[in-house]
Amino acid sequence: PPALVVEGLRKTYPNGTEALKGVSFTVEEGEFFGLLGPNGAGKTTLISILGGLATASVGRLSVCGLDLHKNKRAAARRLGIVPQEITFDPFLTVRETLRFQSGYWGLSGNDRWIGEILERLGLSDKADRRMNALSGGMKRRVLVAQALVHRPRIIVLDEPTAGVDVELRESLWSFIGELHAAGATVILTTHYLQEAQAMCGRIAIMNKGELAALERTEDLLSRF
Ligand code: ADP
Ligand code: ADP
């Protein structure tokens, strides 16, 4: 089955804002897929629905063939979502935060993988620091680390490089690139065409809650 099927997704917020007006697309397994669009396009709303933080007004989402509403946990297990912001327990250390997340997924003995994630994201020397003692940039690294703890099939990054230092950007892309090469599907939202162009095989462009285009990156670029 495809990694992600989005069918007729609509979302109207209680104040009447139509953030998604019937969006449909499919992401195949193993793709590196870009979701582009200006602020307000509906990208974060779509990711929030995928992550279970918001519910669609109408439409269907399926993840690796699993309907997101009927098989919530099994579908979530296949997703590693790196949101734009999250609140951590301030008193846990970095390593405890990742172990806690492992526990949420029912994983034990995950310390080797956790150690590798910490290493690859430049967090090893911060592993025993409490979350409330970390800089904003380091917290963003933990946000990425947390999403990878259960080795998700699909990695979803919501504006991962907004306000992020060059060093993290580089280690992030090399690590994500390797996970993709090893078989993970990657979905990236960004409002930078350059970033999407460098990484993504296909790009969907959203605007005002609708899908404006969906093409292979080279075809899209040939028109500019
Ligand atoms: P993007 O991530 O592409 O910038 P969003 O999904 O954040 O787009 O926003 C899409 C539209 O929905 C915008 O008009 C935004 O103002 C609106 N919106 C987002 N969240 C809410 C909310 N909680 N309540 C009302 N409107 C919202
Ligand atoms: P519950 O369904 O038990 O209420 P929550 O939605 O509160 O679970 O999530 C608990 C933890 O699991 C949080 O740290 C959250 O970030 C994480 N989580 C939930 N869904 C996902 C997902 N799809 N990918 C990664 N982490 C997730």
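Restricting attention to segment 200-216, report how many residues are crowded, with 19+ Cβ neighbours inside 10 Å and farther than 15 Å from Ile47 by Cα.
Taking segment 200-216 and keeping what is crowded, with 19+ Cβ neighbours inside 10 Å, we get 200, 202-206, 209, 211.
The next check asks that each one be farther than 15 Å from Ile47 by Cα; those that pass are 200, 202-203.
Counting residues in segment 200-216 that are crowded, with 19+ Cβ neighbours inside 10 Å and farther than 15 Å from Ile47 by Cα gives 3.
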Sole residue being in contact with a helix residue (DSSP H, G or I) (Cβ under 9 Å, 6 or more places away or on another chain), exposed (fewer than 15 other Cβ atoms within 10 Å of the Cβ) and among the small types (Gly, Ala, Ser), chosen from Ser135, Ser174, Ser102: Ser174
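Quick check on Ile187: is it at pLDDT 95 or above, under 28 Å from Gly40 (Cβ atoms) and among the β-branched types (Val, Ile, Thr)? Give the steps one after another, and end with the answer.
Details: at pLDDT 95 or above: yes; under 28 Å from Gly40 (Cβ atoms): yes; among the β-branched types (Val, Ile, Thr): yes.
Yes, satisfied.
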Can you tell me which residue within segment 1-22, out of those that are more than 18 Å from the chain's Cα centre (by Cα) and of a type in the set (Val, Ile, Thr), is farthest from ligand 1 (Cβ to nearest atom)? Thr12
Which residues, counting only those in segment 174-203, are more than 20 Å from Arg78 (Cα to Cα) and within 13 Å of the chain's Cα centre (by Cα)? Thr190
Any idea which residue in segment 44-87 is nearest to the chain's Cα centre (by Cα), counting only those that are near ligand 2 (Cβ under 9 Å from one of its atoms) and farther than 22 Å from Pro1 by Cα? Val82
Matching residues, segment 35-50, being touching a helix residue (DSSP H, G or I) at 6+ places or on another chain (Cβ under 8 Å) and closer than 15 Å to Val156 by Cβ: Leu35, Leu36
Between a first residue in segment 27-48 that is of a type in the set (S, T, N, Q) and a second residue that is within 16 Å of ligand 2 (Cβ to nearest atom), which pairs have beta carbons less than 6 Å apart while being 6 or more apart in sequence or on different chains? Ser48/Ala54
Selection from segment 179-223 of residues that are among the small types (Gly, Ala, Ser) and within 16 Å of ligand 1 (Cβ to nearest atom): Ala196, Ala204, Gly209, Ala212, Ala213
All but one of (1) modelled with pLDDT of 95 or more; (2) among the polar types (S, T, N, Q); (3) within 30 Å of Lys21 (Cβ to Cβ) hold for Ser124, so report the exception by its number. (3)
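The values are calculated or read from the model by the stated rules, or taken from the named source; none is laboratory data. Computed from a predicted model, the values in this text were never measured in an experiment. Note: ideal-geometry Cβ built from the backbone for every residue, glycine included; neighbour counts use all protein chains shown.
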